[in-house]
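Asker: Once you've had a glance at the structure underneath, I'll fire off some questions.
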Amino acid sequence: MSFRLSSLVRKTSCIPLANSLTNLTKTTKTIRINSWLTSRKFATATTSELIKYKLPENSFKAYECESPSLDIEITKEEIINMYRDMVLIRRMETTADGLYKSKMIKGFCHLCTGQEAACVGIEAAITRDDAIITAYRCHGYAMTRGALPRNIFAELTGKATGVSKGKGGSMHMFAKNFYGGNGIVGAQVPVGTGVAFAQKYLGTNNATFILYGDGAANQGQVFEAYNMAKLWDLPAIFVCENNLYGMGTSANRSSASTEYYKRAGYIPGIQINGMDVLAVKQGSKWAKDWTSSGKGPIVIELVTYRYGGHSMSDPGTTYRTREEIKHMRSTNDPITGLRLRILDLELLTETDLKQIEKDVRSIIDKAAQEAQNDPIPDDSELYTDVYAKGSEIPIIRGCEREEFRVFSNQ
């Protein structure tokens, strides 16, 4: 049975994605310790445990390749860390929503509320040496790649302590091996293909996850990137985050084919339940193994859903019903789905989970407050990071003819 939502969403009777518990099996465990967890006494006597799961049958669909295995092994530590990270991102985005509405955040702001399983699941499957590049809905990816919530809030509010020194805002965040945060629809796809080319050229055996939305999937440059990646068998993992709507247009109204994992034709692909963080992790690991074995690029479609509008200026209810959003929240929420699994497997108690959520609220609230008290960038920052150090031109002009900057090392 397919978990594709696009044809079902109109009837507001979608198949539950993240809450399928019946196919899970529990086995005996080995102990590992996570530094964050050991600071708190949980009701369960053991710490991190090795768990075996069988994912639901509708977790994957494949095109011109075999599906990833439904049988996964994961530690208790990993499961709880993924839960905590998704709760962190959800709280961070909720706080950003409030900061924007209170006019503390200027310009564009795109939230990933509902899509947390994508960034958390991918990060759990790869290493810090692998690369990620995405579009403008990038706050969650910035955090999973290593950016601290305080620095993310500082960037959102235009402070010097931001991840891009307050000059990038919501759409342009970066971290080590995280190439943004890009504002031009689809433009990150050829850039990410270039990163994958560099990885192959240098022989690093790493991969690049190149993310774009269903709205960007019809861009010509995406297909040009497919061609180059396949021509040179680059370690490029193209990931279409299909949240069913490109801005205010449903995928069915904008795309002749909504099976985005088949779009490249000559590149194999898989479709993943993007509301199940464990399925995302398993599928991402499978894709990384595919590229590492020299098979070339792969296309992934993550079927997911955003609860809010396309951006903060979009209420998100003019092109879909409130009932649809409510239904998706109640049946497919990635955080609720993992929470139920944790309780079902008796990894933590309800009290333990509430304590994690309480700690997260404290962390995010403190980070947001500290960021608001940080200084704004100095005017001189307008002229930094324009050229790589040592490659500057002698003079750079400003907006007006009378404005210019002479670089001191020239």
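Asker: Please determine whether any residue of the range 48-58 is in contact with a helix residue (DSSP H, G or I) (Cβ under 7 Å, 6 or more places away or on another chain), at pLDDT 95 or above and buried (at least 24 other Cβ atoms within 10 Å of the Cβ).
Answerer: no
Asker: Cβ-Cβ distance below 6 Å, separation of 6 or more or different chains: which pairs start in the range 368-397 with a residue that is free of Cβ contacts under 8 Å to residues at least 12 places away in the same chain and end on one that is part of a strand (DSSP E or B) and open to solvent by 80 Å² or more (accessible area, probe 1.4 Å)?
Answerer: Here the result reads Arg397/Phe404, each pair linking the range 368-397 to a residue that is part of a strand (DSSP E or B) and open to solvent by 80 Å² or more (accessible area, probe 1.4 Å).
Asker: Same structure again: Filter the range 149-185 down to the residues that are part of a helix (DSSP H, G or I) and open to solvent by 30 Å² or more (accessible area, probe 1.4 Å) and list them by number.
Answerer: Within the range 149-185, Arg150, Asn151, Met171 qualify.
Asker: Condition first: hydroxyl-bearing (Ser, Thr, Tyr) and open to solvent by 40 Å² or more (accessible area, probe 1.4 Å). Now tell me which residues in the range 74-115 satisfy that.
Answerer: If the condition is that a residue be hydroxyl-bearing (Ser, Thr, Tyr) and open to solvent by 40 Å² or more (accessible area, probe 1.4 Å), then Thr94, Tyr100, Ser102 are the ones that fit.
Asker: Of all the residues that make up the range 282-301, how many are farther than 18 Å from Asp85 by Cβ and surrounded by fewer than 24 Cβ atoms within 10 Å (Cβ to Cβ)?
Answerer: Within the range 282-301, residues that are farther than 18 Å from Asp85 by Cβ and surrounded by fewer than 24 Cβ atoms within 10 Å (Cβ to Cβ) number 9.
Asker: Sticking with this one: Quick check: is even one residue across the range 186-208 aromatic (Phe, Trp, Tyr) and open to solvent by less than 10 Å² (accessible area, probe 1.4 Å)?
Answerer: no
Asker: I'd like the full set of residues that are under 17 Å from Thr127 (Cβ atoms) and more than 16 Å from the chain's Cα centre (by Cα), limited to the range 168-199.
Answerer: Val195, Ala196, Ala198, Gln199
Asker: Just the residues that are out of contact with any Lys or Arg (no Cβ under 9 Å at 6 or more places or on another chain) and farther than 18 Å from Ser284 by Cα, please, taken from the range 205-217.
Answerer: Those that are out of contact with any Lys or Arg (no Cβ under 9 Å at 6 or more places or on another chain) and farther than 18 Å from Ser284 by Cα: Asp214, Gly215, Ala216.
Asker: List the pairs whose first member sits in the range 70-85 and is over 18 Å from Lys54 (Cβ atoms), whose second member is part of a strand (DSSP E or B), and whose Cβ atoms are under 6 Å apart, counting only residues at least 6 apart or on separate chains?
Answerer: Glu77/Arg32; Glu77/Ser48
Asker: If the Cβ limit is 7 Å and pairs must be 6+ apart or interchain, which residue in the range 266-281 that is within 12 Å of Pro56 (Cβ to Cβ) and open to solvent by less than 10 Å² (accessible area, probe 1.4 Å) pairs with which residue that is assigned to a loop (DSSP other than H, G, I, E, B) and aromatic (Phe, Trp, Tyr)?
Answerer: Correct list of pairs: Asn273/Phe3; Met275/Tyr305.
Asker: From (1) under 29 Å from Asp71 (Cα atoms); (2) in contact with a Gly (Cβ under 7 Å, 6 or more places away or on another chain), pick out the condition that doesn't hold for Met328.
Answerer: (2) is the only condition that Met328 fails.
Asker: Do we have Ile356 as touching a residue at least 24 places away in the same chain (Cβ under 8 Å), open to solvent by less than 30 Å² (accessible area, probe 1.4 Å) and within 30 Å of Asn81 (Cβ to Cβ) here?
Answerer: When the stated conditions are applied, Ile356 passes them.
Asker: Continuing with the same structure: Just to be sure I understand the filter: pairs with C-beta atoms under 9 Å, separated by 6 or more residues or on different chains, first member in the range 92-103 and closer than 11 Å to Ala368 by Cβ, second member surrounded by 11 or more Cβ atoms within 10 Å (Cβ to Cβ) and among the acidic types (Asp, Glu). Which pairs pass?
Answerer: What qualifies is Thr95/Asp365.
Table: residues versus (1) assigned to a loop (DSSP other than H, G, I, E, B); (2) over 20 Å from the mean Cα position of the chain (by Cα).
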residue: Ile80; (1), (2): no, no
residue: Met86; (1), (2): no, no
residue: Thr94; (1), (2): no, no
residue: Met104; (1), (2): yes, yes
residue: Cys109; (1), (2): yes, no
residue: Cys112; (1), (2): yes, no
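Each row is one residue, and each column tells you yes or no for (1) hydrophobic (A, V, I, L, M, F, W, C); (2) touching a strand residue (DSSP E or B) at 6+ places or on another chain (Cβ under 9 Å); (3) open to solvent by less than 20 Å² (accessible area, probe 1.4 Å); (4) not in a strand (DSSP E or B).
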site	(1), (2), (3), (4)
Ala217	yes, yes, yes, yes
Gln221	no, no, no, yes
Tyr226	no, yes, yes, yes
Ala229	yes, yes, yes, yes
Asp233	no, no, no, yes
Ile237	yes, yes, yes, no
Cys240	yes, yes, yes, no
Asn252	no, no, no, yes
Ala256	yes, no, no, yes
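The values are calculated or read from the model by the stated rules, or taken from the named source; none is laboratory data. A quick note: this is a predicted structure, and the numbers were derived from the prediction, not measured. Positions of Cβ are backbone-derived with ideal geometry, glycine not excepted, and every protein chain shown enters the neighbour counts. Just so you know, the surface numbers come from the protein's heavy atoms only, side chains and all, with ligands and any DNA or RNA stripped out. Shrake-Rupley method; radii C 1.70, N 1.55, O 1.52, S 1.80 Å.
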